[in-house]
Amino acid sequence: MNLSKYIILATFFICLSCKKNTETTTVKIKNSIEYANGLEIHNYDDFTVMKITKPWPNATKTYTYICAKSNKNLPDSLSKYTFIQIPVSNLVATSTTHIPSLVALNETDKLVGFPHLEYISSEIVRKSIDLGKVKELSDNESLNFEKTIDLQPQIIIGLSMDSETSKFNQFEKAGIPVMYNADWVETSPLGKAEWIKFFGVLFDRQQQATDYFNNIVKEYEDAKKQVENQQFKPTVLSGSVFQDVWYMPQGGSWMAQFINDAGGNYLWSDTQGTGSLSLSFEVVLEKAMNADFWIGPGEFNSFDQMLAANKHYGQFKAFKQKQVYSYAMKKGATGGLIFYEEASNRPDLVLKDLISIFHPNALPNYQPTFIEPLK
């Protein structure tokens, strides 16, 4: 066979290969995410396409990451997206809500840096911090560029409150991919927890992440059934005053859904939105003076602290009858709130805590994990 024939055959097979790769992307693979609104995972034979569709509230931009053990067989049409080689060997995280997923997947040894280490409460990660295996990277509100570059993490798990991403762009220019994790944007309890699958892709532990999440779904739904037929639904208020404004969860918010699923009657459940209401003290007092329970009064952990901050808190029935419950009672070794770190990954336990408060007979002998009575 002469050289020209070799060239023709080679071109033919290259064309076949290109056609095959192109066709791969035309096969529609179902998104495996069920509850989270801002995350999509599409599993193909040789790679996974992970999309972050709501990196921050009201986002108009999406991020697509191609995750695979090798980029050799990826379709050409995907070359414009960020490629992440999995399993990820090390990373920098930026939110304590990322930590429980590393713990659940037994991948805490991959964490090499974090801003504000004192916020981390996980005992196993604190041991790594004490051994110097996880470095402090805080630089006011941002990651310290030089310290982060020195660590040479394979990826940075970023968190952005809005479309301003310049603080992370510098790392991408330096060759370190930033993957935006938006678990905090989710408003449904199970939607937040499903973001463990994000880390399942990165560590090539998708089945383990799915099994972990499926167990949480089962526990959550089973607990919810315990109070579905309860006739009595106690009235509930939440929040507290900060700089003369009472911040109260809106009717579609995470906490409002928890209270509803736990068989409570949240007094602001008919409001629209997923964030916080900004109310005056007088408006709250008028509507909730006789509420049965007060859940999450800021970060107070005693009645004395509350009265010292505002003596008018004492006018509420829930305060007088000591029916105020806080998620700020349990802290880690260096002062981080356990609730902030772990609650989004364990909505089943948050729900059970609230059920045990509103309907103590539904879960006899239950010991709360996050939410406890104020002292």
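The values are calculated or read from the model by the stated rules, or taken from the named source; none is laboratory data. Values in this document were obtained by computation on a predicted structure and should not be read as measured data. Every residue, glycine among them, receives a Cβ derived from its backbone with ideal geometry; neighbour counts consider all protein chains shown. These area figures cover heavy atoms from the full protein model, side chains too; ligands, DNA and RNA do not enter into them. Shrake-Rupley method; radii C 1.70, N 1.55, O 1.52, S 1.80 Å.
Table for the structure above
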| item | result |
| --- | --- |
| When residues of the stretch 158-195 are limited to those that are within 18 Å of the chain's Cα centre (by Cα) and either basic (Lys, Arg) or open to solvent by 60 Å² or more (accessible area, probe 1.4 Å) (or both), the one modelled with the highest pLDDT | Lys192 |
| Checking Asp150 against (1) open to solvent by 20 Å² or more (accessible area, probe 1.4 Å); (2) at pLDDT 95 or above; (3) under 22 Å from the mean Cα position of the chain (by Cα), the condition it does not meet | (3) |
| Residue in the stretch 271-311 that is most open to solvent (accessible area, probe 1.4 Å), counting only those that are in a loop (DSSP other than H, G, I, E, B) and aliphatic (A, V, I, L, M) | Met289 |
| Residue match in the stretch 335-355 (condition: farther than 30 Å from Leu102 by Cβ and either modelled with pLDDT of 95 or more or open to solvent by 60 Å² or more (accessible area, probe 1.4 Å) (or both)) | no |
| Test: residue in the stretch 28-46 that is at pLDDT below 90, over 19 Å from Leu159 (Cβ atoms), out of contact with any Pro (no Cβ under 6 Å at 6 or more places or on another chain) and open to solvent by less than 90 Å² (accessible area, probe 1.4 Å) | yes |
| Residue in the stretch 256-270 that is part of a loop (DSSP other than H, G, I, E, B), closer than 29 Å to Trp184 by Cα, hydroxyl-bearing (Ser, Thr, Tyr) and open to solvent by 40 Å² or more (accessible area, probe 1.4 Å) present | yes |
